[in-house]
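The values are calculated or read from the model by the stated rules, or taken from the named source; none is laboratory data. Computed from a prediction, not measured in an experiment: that's the story for all the values here. For neighbour counting, all protein chains shown are included, and Cβ atoms are generated from backbone atoms with ideal geometry for every residue, glycine included. When the accessible area is computed, the model is the full protein with side chains, heavy atoms only, and any ligands, DNA or RNA have been set aside. Shrake-Rupley method; radii C 1.70, N 1.55, O 1.52, S 1.80 Å.
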Amino acid sequence: MVVIWWKKRRGIVCEQAVRLMAGYLDGVLPEADRARLEAHLAECPHCSEHLAQLRIAISAAGHAQPDDLPEKAIDDLVAVFRRWQRE
Amino acid sequence: MDDHQLVERLRGGDEGAFVSLVRQHQPGLLRLAESIVGNRAVAEEVVQDTWLAVCKGADAFEGRSSLKTWIYTILVNRARSTATRERRSEPVDNDAYHGCFDSSGAWATAPVPWSEKVDDEIVARQFAKLVSQVLPDLPDAQQQVLLLRDVEGLPAAEVATLLSISDGNQRVLLHRARCSIRRHLENAMGGEWS
Ligand SMILES: [Zn+2]
């Protein structure tokens, strides 16, 4: 009985789970929090889905590189570089 | 070529090293500068000043952070001292999860599952384009953290230092930005791809 009560006390609800996700994704959660979150994720499809969606958002941002430079922009900067060299 | 070789060549006045740095970093620097000064033309000037400062200061680069972080630090300092507009501040009640949970802490509405429908190609093509489109609408501070962390891939501690914010604050801003992006992707999934 005591063990069951203790486990219940230690479990977290979804709201707590999502609030731990920022630290989790950065790998900076204290071990106890990480264990609690992972235990919740193992049982909660909603929070698992939310985390999967956040990971997709991160990966999409990782692909969101700005457009390549026009050659003209590079030439302009090279001109600045050459002026500086002559100074 | 690693950071030290590049800097060594830059110190020696090597134009090729300069061009290679410009190709690598100019687009990202420009986008970040624009998010700070709020104007493309001013951003271009700020980035040009930054390159001059990088060339002149190459002797001072000690390699304690990556060359990329060092260049971005110079840019942020210049852009901030140039910024002429009011910074768009965070809305006070900008909790990414406002209204998402009921009083027991359970999801008020279960998240719509869509992650399994997304493959790498959608992420790399459509979603990445969407991120670039919605980025300018994020509050400035969120935009800057997201650009540096998730787009440019700089480490958390270096981003906090270069933006002069605490590590915790950096993480909160990043998380809010990611949540906004996630919402935009979800809307897109609800439309075109579902
Ligand atoms: Zn949950």
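Being part of a helix (DSSP H, G or I), in contact with a Gly (Cβ under 8 Å, 6 or more places away or on another chain) and more than 14 Å from every other protein chain (Cβ to nearest Cβ) holds for only one residue in B:36, B:74, and it is B:74. The residues in region A:21-67 that are away from the ligand (no atom under 13 Å from the Cβ), hydrophobic (A, V, I, L, M, F, W, C) and either outside any loop (DSSP other than H, G, I, E, B) or at the interface with another protein chain (Cβ under 9 Å from one of its Cβ atoms) (or both) can be counted, and the count is 12. Return yes when residue B:99 is farther than 17 Å from residue B:33 by Cα, open to solvent by 30 Å² or more (accessible area, probe 1.4 Å), more than 9 Å from chain A (Cβ to nearest Cβ) and not in a helix (DSSP H, G or I) and no when it is not. So residue B:99 fits the description; yes.
State yes or no: is residue A:9 more than 13 Å from the ligand (Cβ to nearest atom), at pLDDT 95 or above and more than 8 Å from every other protein chain (Cβ to nearest Cβ)? When the stated conditions are applied, residue A:9 does not pass them.
Residues checked against (1) open to solvent by 10 Å² or more (accessible area, probe 1.4 Å); (2) facing chain A (nearest Cβ under 9 Å); (3) touching a residue at least 60 places away in the same chain (Cβ under 8 Å):
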position	(1), (2), (3)
B:124	yes, yes, no
B:131	no, yes, no
B:139	yes, no, no
B:145	no, no, no
B:149	yes, yes, no
B:153	yes, yes, no
B:158	yes, no, yes
B:164	yes, no, no
B:178	yes, yes, no
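In region A:33-54, the residues that are closer than 11 Å to residue A:14 by Cβ form Cβ pairs under 6 Å with partners that are among the hydroxyl-bearing types (Ser, Thr, Tyr) and near the ligand (Cβ under 10 Å from one of its atoms), at six or more places apart or across chains, as follows: A:41/A:48. Residue count for region B:102-122, restricted to those that are open to solvent by 70 Å² or more (accessible area, probe 1.4 Å) and not hydroxyl-bearing (Ser, Thr, Tyr): 7.
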